[in-house]
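The values are calculated or read from the model by the stated rules, or taken from the named source; none is laboratory data. Being a predicted model, the structure only gives us computed values, none of them experimental. Heads up, the Cβs are rebuilt from the backbone with ideal geometry, glycines too, and the neighbour counts pull from every protein chain shown. When the accessible area is computed, the model is the full protein with side chains, heavy atoms only, and any ligands, DNA or RNA have been set aside. Shrake-Rupley method; radii C 1.70, N 1.55, O 1.52, S 1.80 Å.
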Amino acid sequence: MKIILAYLLFLALFFIALISYSQPMTRKQFYDSLNHIRQEHGLPALRSSMLLESKAANWLEFLDRYDLGMVHDNDTMDGEVLTNAYDYLAWWMYSPSHRRVLLSRRFTKIGLASRGGELCARLR
C-alpha cells in the first residue's frame, strides 16, 4: 500500500512539474522575478525600456539573419545577456558573468526580446 501511495505521489509531482515547465514566463513575470531578485540583493528595480527592447530585438534579428547562433554584441556599451535555455532567468542567475550583469548597480533600465526560442535582454 505504501509503495502505491508513493508511486501516486511521484506521478502527481511529476505532472505538476511538467505542467509548470511547459508554461513560459510572460514578460511581466520575468520583470517581476528579476526585480524581486535585485531587491533581495539591495538593488533598485529595473525599469522597462522600449528603446532597449528594440535594440535587443534588432540584435536577435541580426543573429538569425546571418545564422550566427548566440553571439554577444561587442559594439555596445549596454549590458547584454543571451540564452536559448527554457528557464532563462534561472540559467542567467547561475552563470557568474550573466548574474554580474543582471545584478549590477550600473544598470537601471532593461529591454527584453525573444525570437525563435532565443532571448536577449539589454540593460542600460
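See the values below:
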{"read-out": "Any chance Leu63 is in a helix (DSSP H, G or I), in contact with a Gly (Cβ under 8 Å, 6 or more places away or on another chain) and not charged (D, E, K, R)", "value": "yes"}
{"read-out": "Failed condition for Trp92, given (1) aromatic (Phe, Trp, Tyr); (2) at pLDDT below 85; (3) surrounded by 14 or more Cβ atoms within 10 Å (Cβ to Cβ)", "value": "(2)"}
{"read-out": "Residue, farthest from Arg27 (Cα to Cα), within region 52-78, restricted to residues that are open to solvent by less than 30 Å² (accessible area, probe 1.4 Å) and in contact with a Lys or Arg (Cβ under 7 Å, 6 or more places away or on another chain)", "value": "Asp78"}
{"read-out": "Filter result for the condition that a residue is of a type in the set (A, V, I, L, M, F, W, C), in a loop (DSSP other than H, G, I, E, B), at pLDDT 80 or above and open to solvent by less than 70 Å² (accessible area, probe 1.4 Å), over Leu43, Leu34", "value": "Leu43"}
{"read-out": "Pair list, Cβ < 8 Å and 6+ apart or interchain, from region 100-111 residues that are of a type in the set (Ser, Thr, Tyr) to residues that are in a loop (DSSP other than H, G, I, E, B) and open to solvent by less than 30 Å² (accessible area, probe 1.4 Å)", "value": "Thr108/Leu46"}
